[in-house]
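Chemist: Structure below; questions to follow.
The values are calculated or read from the model by the stated rules, or taken from the named source; none is laboratory data. What you see is a predicted model; the values in this text were computed from it and never measured. Glycine also receives a Cβ, built like all others from the backbone with ideal geometry; neighbour counts cover every protein chain displayed.
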Amino acid sequence: MKDKQRQNRQSPHTTVYQIHAAFAFDSCIKSKLRLTRRKAFNPYAPAGQSIQIQVTLQNADIDKMVPADITMQFGPAALSEEIDTWKDVYGIEERYKAKFCGKNDGKYWVMQVIDEWKECGRNPNDFLSALARQAQNRPYAECNFLKKAFLDACRSVGAFP
């Protein structure tokens, strides 16, 4: 029994070798990253940057929407290098498009406007006006900054009957 336990244990030399190999690989990656410096947002800045997002949809059929049906524009132009870095490093466009196509996110937001407002005899534009105020006051609460941009795009293509 003890012999099997000894066989299953790694020797300390193997572990040290793995650590050195991982360190060497990590150092190699870091040296390559140093060659391609790009502008980025300062995460320690006292005030965050205001990013503008404009969403455009190819058609009004939200139920059949796929990420390829969505285009996004980010601004302001003065921050284009920082924005490009941010989009590349974090996969922002892919993440946001997936969120818009998700049944518990973008598709739910549309259903909120249609079911909870229009069905109750309320005007969807009133909902969008309230959302604009909320996005201005608390842009990150409930992803208001994304919700507003997406629902504005839905209104533009006529997704609200």
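Chemist: Counting only residues that are assigned to a strand (DSSP E or B) and over 14 Å from the mean Cα position of the chain (by Cα), how many does segment 55-92 have?
Modeler: Residues meeting the conditions: 3.
Chemist: If I ask for residues that are aliphatic (A, V, I, L, M) and modelled with pLDDT of 95 or more, which ones from segment 95-131 would you list?
Modeler: To start, the set of residues in segment 95-131 that are aliphatic (A, V, I, L, M) comprises 98, 110-111, 113-114, 128, 130-131.
The answer is Ala98, and nothing else.
Here's the yes/no breakdown for (1) surrounded by 11 or more Cβ atoms within 10 Å (Cβ to Cβ); (2) at pLDDT 95 or above; (3) among the polar types (S, T, N, Q):
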| residue | (1), (2), (3) |
| --- | --- |
| Arg34 | no, no, no |
| Lys39 | yes, no, no |
| Tyr44 | no, no, no |
| Leu57 | yes, yes, no |
| Ala60 | yes, no, no |
| Ala68 | no, yes, no |
| Thr71 | yes, yes, yes |
| Leu79 | yes, no, no |
| Ile83 | yes, no, no |
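Chemist: Oh, and also: With the structure loaded, tell me whether Lys107 is within 19 Å of the chain's Cα centre (by Cα), charged (D, E, K, R) and surrounded by fewer than 17 Cβ atoms within 10 Å (Cβ to Cβ) or whether it fails that test.
Modeler: Answer is yes for this residue.
Chemist: Inspect segment 22-31 for any residue being modelled with pLDDT under 85, β-branched (Val, Ile, Thr), more than 30 Å from Lys97 (Cα to Cα) and over 17 Å from the mean Cα position of the chain (by Cα) and give the result as yes or no.
Modeler: Of the residues in segment 22-31, the ones modelled with pLDDT under 85 are 22-31.
Remaining after also requiring β-branched (Val, Ile, Thr): 29.
Checking which are more than 30 Å from Lys97 (Cα to Cα) leaves us with none.
Scanning segment 22-31 turns up no residue that is modelled with pLDDT under 85, β-branched (Val, Ile, Thr), more than 30 Å from Lys97 (Cα to Cα) and over 17 Å from the mean Cα position of the chain (by Cα).
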